[in-house]
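Enquirer: Here's a structure for you.
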Amino acid sequence: MKNNRNTIIPRKLDLRPILERKSCFLFGPRQTGKSTWLQQQFPDAHKIDLLESDTFLRYSAAPQRLREEIEDASQVVVIDEIQKLPNLLDEVHWLIERRKVRFVLTGSSARKLKRTGVNMLGGRARSRRMHPFVWAELGESFRLNEALCFGLMPSVVFSDSPYEDLRAYIGDYLTQEIAAEGVTRNLPAFSRFLEVAALGHGKMINFASVASDAQVSKSTVTNYYQVLEDTLLASLLQPWRRGKTRKAIQTPKIYLFDNGIAHALQGRKSLAPATPEYGDAFESWIHHELRTWVDLRGTVDELTYWRSTSGFEVDFILNDEIAIEVKSKKIIAERDLRSLRAIAEEAPMRRHLMVCLESVSRTVDGIEILRWSDFLQQLWAGKILP
């Protein structure tokens with residue numbers, strides 16, 4: 001990506017090791033930089049953009065044209081927005097098997113691919129996800145308060161009008177991902193749901209309450225949340241269930257993929273430090289960093305959260321090994337460590353971390369109180385979980 005000084009922002013994602021052996025699906029919400037990044041990484045690739053109407057019509061009328069056009073197995077083939085034409089995957093499968101062609105297949109939605117039961121290439125292709133920027137990619141260009149309020153979408157980070165661009169993004173999502181794909185016949189109802197769901201960004205889902213506020217049935221809300229996941233606008237954070245002594249809440253949390261999108265849906269144009277809203281945004285941003293890190297590793301890492309019915313809560317648990325609590329406070333008091341002490345009684349953890357706004361990191365009774373930048377430096381250097 002380019003900033004206002006026309007410098008390239010390197011991304012952490014690297015598909016080249018995968019493409020040495022296999023093809024790859026690259027999913028990610030619109031405007032997270034998939035096409036620009038692929039052009040930088042594979043400038044000599046054979047490019048097919050299914051958002052171009054002429055290209056779409058050509059391959060939809062005759063999918064076999066792909067087989068007729070692609071003969072050189074040494075050249076990577078990039079097909080943008082593969083969900084627009086799922087049947088083309090049969091030709092992709094044939095070319096992988098017969099000619100050993102390597103593909104990068106991008107998509108901003110997995111819904112159509114899942115629902116039509118198309119050929120997903122079995123074990124012939126890996127899957128990766130492109131997220132908005134993370135702290136380690138932006139470096140000196142990162143601004144904490146702006147990231148918390150307006151998010152880290154590449155098109156927004158260097159924008160002169162971030163809120164207006166975010167509102168435009170939401171309009172495009174509703175028209176291009178929801179209306180154009182026929183996801184729902186009742187766009188006004190889905191729009192109401194989307195605004196209500198954004199108020200629950202980073203919180204446990206209450207289906208009955210959301211249904212009431214959005215004026216739709218509970219079953220419709222369940223379906224709409226699945227739409228958010230399938231179109232990559234949101235992800236669920238599942239509860240940790242391995243505690244031994246305290247009963248845990250079993251309800252998942254919902255996180256939209258970007259703080260800026262959540263705040264634009266909420267109508268929020270600013271965030272004041274030391275407010276509950278600022279704290280929620282700080283926690284959601286740390287979730288974004290952790291979720292991106294987990295996805296980029298491409299392993300079986302598990303990210304969960306823990307909340308007991310008695311009120312203890314640890315924001316994130318990584319692989320049953322690392323307990324992470326997040327607080328947007330400049331001074332961490334003893335009472336802030338209660339939940340980390342409680343989870344130590346539930347199961348052995350390798351590390352107990354408090355990520356916060358303190359200026360200097362320190363350790364109290366084995367609990368590491370880490371300034372947010374120190375935590376992220378360790379995370380992206382592979383020192384939190386090797």
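Enquirer: What list of whole percents do you get for P(r) of the range 217-320, with Cα-Cα distances grouped in 5 Å bins up to the one holding the largest distance?
Expert: Distribution as computed: 2, 11, 17, 20, 20, 18, 9, 2, 0 percent.
Enquirer: Expressed in whole Å with the largest first, what are the equivalent ellipsoid semi-axes of the range 27-120 derived from the C-alpha gyration tensor as the square root of 5 times each eigenvalue?
Expert: With the √(5λ) rule applied to the range 27-120, the semi-axes are 18, 17, 13 Å.
Enquirer: Using a probe of 1.4 angstrom, how much of the accessible area of the chain is carbon and sulfur, in percent?
Expert: 46 percent
Enquirer: For the range 267-356, build the charge dipole from Cβ charges (+1 Lys, Arg; -1 Asp, Glu) around the Cα centre, then report which of Ser310, Ile332, Ser270 sits farthest towards its positive end.
Expert: Of the listed residues, the answer is Ser270.
Enquirer: In a GNM of the chain with a 10 Å cut-off on Cα contacts, which of Phe193, Phe133, Phe158 has the highest mean-square fluctuation?
Expert: Result: Phe158 has the largest fluctuation of those listed.
Enquirer: Might you report the magnitude of the Cβ-based charge dipole of the chain about its Cα centre, with Lys and Arg at +1 and Asp and Glu at -1, to the nearest 20 debye?
Expert: 800 debye
Enquirer: Of all the Cα-Cα pairs you can form in the range 137-181, what percent are over 11 Å apart?
Expert: 68 percent
Enquirer: Using the reciprocal of the averaged 1/r over all distinct C-alpha pairs, how large is the Kirkwood radius of the range 269-386 in Å?
Expert: Every distinct Cα pair counted, the radius reaches 14.6 Å.
Enquirer: OK, next. Taking the alpha-carbon centroid of each part, what is the distance from the range 87-112 to the range 202-253 in angstrom?
Expert: Answer, in whole Å: 32.
Enquirer: If you don't mind, there's one more thing I want to ask. Treating only the Cβ atoms of Lys and Arg (+1) and Asp and Glu (-1) as charged, compute the dipole magnitude of the range 135-195 about its Cα centre; round to the nearest 20 debye.
Expert: Once rounded to the nearest 20, the dipole reads 300 debye.
Enquirer: What's the ranking of 256-269, 317-330 by average number of surrounding C-beta atoms within 10 Å, highest first?
Expert: By packing density, highest mean first, the sequence is 256-269, 317-330.
Enquirer: What are the chymotrypsin sites (Phe, Trp or Tyr not before Pro) within the range 300-350 that DSSP puts in a loop, where the Cβ has at most 14 other Cβ atoms within 10 Å?
Expert: none
Enquirer: Which of the residue pairs Lys47/Lys84; Lys203/Lys327; Lys12/Lys203 have a Cα-Cα distance greater than 23 Å in the structure shown?
Expert: Among Lys47/Lys84; Lys203/Lys327; Lys12/Lys203, the Cα-Cα distance tops 23 Å for Lys12/Lys203.
Enquirer: Let me ask something else about it. Can you pull a Stokes-Einstein diffusion coefficient for the range 141-253 at 37 °C (0.692 mPa s), Rh from Kirkwood over Cα pairs, as a whole number of µm²/s?
Expert: Roughly 205 µm²/s, to the nearest whole number.
Enquirer: Work out the charge dipole of the chain with +1 on the Cβ of Lys and Arg and -1 on the Cβ of Asp and Glu about the Cα centre, then indicate which of Ser212, Pro348, Leu166 is farthest towards its positive end.
Expert: Toward the positive end, the furthest listed residue is Pro348.
Enquirer: Could you tell me what percent of the DSSP beta bridges with both partners in the chain are antiparallel, to the nearest 5?
Expert: Taking every DSSP beta bridge within the chain, about 40 percent pair in antiparallel fashion.
Enquirer: Moving to a separate point now. Stick to the Cα atoms of the chain, pair each with every other, and give me the Kirkwood hydrodynamic radius in Å at one decimal.
Expert: 22.3 Å
Enquirer: Order of 95-106, 240-251 by packing, highest average Cβ count within 10 Å first? Please list the in-between numbers first.
Expert: Details: 95-106: 19.1, 240-251: 13.0.
By packing density, highest mean first, the sequence is 95-106, 240-251.
Enquirer: Next question. Tell me the trypsin sites (Lys or Arg not before Pro) within the range 124-230 that lie in a loop according to DSSP and have at most 16 other beta-carbon atoms within 10 Å.
Expert: Arg143, Arg185
Enquirer: Only Cα pairs under 8 Å and at least 6 apart count here; give the relative contact order of the chain as a rounded whole percent.
Expert: Relative CO of the chain lands at 13 percent.
Enquirer: Taking only protein heavy atoms and a 1.4 Å probe, what accessible area per residue, in Å², does the range 165-265 have with all protein chains in place? Intermediate values should be presented prior to the final figure.
Expert: Working: 4340 Å² over 101 residues.
Dividing the accessible area of the range 165-265 by its residue count gives 43 Å².
The values are calculated or read from the model by the stated rules, or taken from the named source; none is laboratory data. Keep in mind that this is a model prediction, so the values were computed, not measured. Virtual Cβ from ideal backbone geometry, glycine too; neighbours counted across all protein chains shown. Note: accessible area is taken over every heavy atom of the protein model, side chains too, but ligands, DNA and RNA are not part of it. Shrake-Rupley method; radii C 1.70, N 1.55, O 1.52, S 1.80 Å.
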